[in-house]
1. Magnitude of the Cβ-charge dipole of the chain, K/R +1 and D/E -1, about the Cα centre, nearest 20 debye?
2. Quick one: Debye curve from the C-alpha atoms of region 129-238, no solvent, what's log10 I(q)/I(0) at q = 0.20 Å⁻¹?
3. Can you tell me the relative contact order of region 1-126? Whole percent, Cα pairs under 8 Å, sequence separation 6 or more.
4. Tell me the Rg and the Dmax, in Å, that the Cα atoms of region 7-94 produce.
5. Once you have the Kirkwood Rh of the chain from its Cα pairs, apply Stokes-Einstein at 4 °C and 1.567 mPa s and quote D in µm²/s.
6. Mind checking the log10 I(q)/I(0) for region 165-226 at q = 0.23, 0.25 Å⁻¹? Debye, one equal scatterer per Cα, no solvent, two decimals.
7. Can you tally the net charge around residue 282? Count Lys and Arg as +1, Asp and Glu as -1, for every other residue whose Cβ sits under 11 Å from the Cβ of residue 282.
8. With an 8 Å Cα cut-off and a minimum separation of 6 or more residues, compute the relative contact order for the chain in percent.
Amino acid sequence: MKLGFTSTDEAFRDEIAGWLAEHLLGEFEHIRYRGGPGDEHAYFRERRAWEQAMAAGGWIGVGWPEDMGGRGYSLEQQVIFHEEYARAGGPGRVGHIGEGLVGPILITHGSRWQQQRFLPGILSGEELWCQGYSEPGAGSDLSNISTRAVYDAGKDNWSITGHKTWTSLAHEAEWCFVLARTDPASRGRHGLGFFLVEMQQRAITVRPIMQLTGTSEFNEVFLDQAICASEQLVGEPGQGWEIAMALLGFERGVSTLGQQMMFQNQLNQIITVARRNGATADSQIRQRLAQAHIGLKIMRYNAMRTLSGNMVDGSLNRAAMISKLYWSIWHRELGNLAMDVLGPEAEVAAAQPYELTPLQSLFLFTRADTIYGGTNQIQRNIIAERSLGLPREPRMTG
């Protein structure tokens, strides 16, 4: 595991830090530290303009290969980029699904046509993506999806019908990658396809899901014979599960270091409040603050260990398999800590519509951390079965 950086890497750190300091001013200064999970509704238009400013500076796809339009930066430089972005208070990226998930999948599994069609729109910040995985009956157990795709040989396209849920930014995205069943007789992870579906068509309906925070960054997506051209199927019919799992590997890639810097920003805010209101006089609060700091350091070292395993194809090594379980529990406890540090102030809001503080929103949103992206129970099964080689959990039959 490599923990240090060369002088060349540190020079790059100065470059990206300088660019961010120069550009997170003026029209973008007020969106620093805004956006991201639990705050996706904030300043969306301004953050979309910021995405295109990032593109103009050449800061989208820094780790992509140069022949795919990226900068081809080393792993260490990608880590530095995400760390400095979070440290500077860069706003939540509206294009992160395209850059961090769709792009790498098309680079490793996509056809040349798909790469030429979709990668430029991601790199320019002009086309946004959302994820069509979860369904009402297939959340943590993704292999239970029922959305179906039927091929029309005469028109050479696919007709997709189904119900997706918890789809972040579906109301803003131009495109969605959809996991659907291409073989109606198949079950589980077999007979699936990975489709690139245009959102702006009458056959697709998007409905917001209101959250505890009073916002609705998530949506339900209804597909009623939505059309997807045959060349927009990634891989072959039946390869959907393999591609979907590779995508989850990319999800736990280098951008997790940026996520951890966001966590550090939140912890720093809690410490500031604790010092201001005297909560640090409580020895238990001090101990919990120290434990949060230690936990975040452990998270970072495990992420570096994961990345040192060379996840260029999206495959998950053992270190990666524990990351979701670990950070979700840590982050949920950070939300609890925030409320205890705030004290009575944590339960005070003016009136409807409630204007929650960042720490109040942190607490409410982190209730979902151990559920979305695979519940903690599912994560433990994955670790046991795929990493430790233990027998599969008994499944009910009949």
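Bear in mind that the values in this text are calculations on the coordinates, not laboratory data. Predicted model, so just to flag it, every value in this text is computed and none were measured. Every residue, glycine as well, gets a Cβ built from its backbone with ideal geometry; the counts of neighbours run over all protein chains shown.
1. Result for the chain is approximately 1180 debye, rounded to the nearest 20.
2. With no solvent term, the Cα-only Debye profile gives -1.00.
3. On the way: 125 pairs, mean separation 41.2, N = 126.
The normalised contact order for region 1-126 reaches 33 percent.
4. In Å, with Rg to one decimal and Dmax whole: 13.1, 39.
5. The calculation lands on 58 µm²/s.
6. Calculated log10 I(q)/I(0) at the listed q: -0.96, -1.03.
7. Values: positive: 286, 288; negative: 340.
Surrounding charge for residue 282 is +1.
8. Once divided by the residue count of the chain, the mean separation gives 14 percent.
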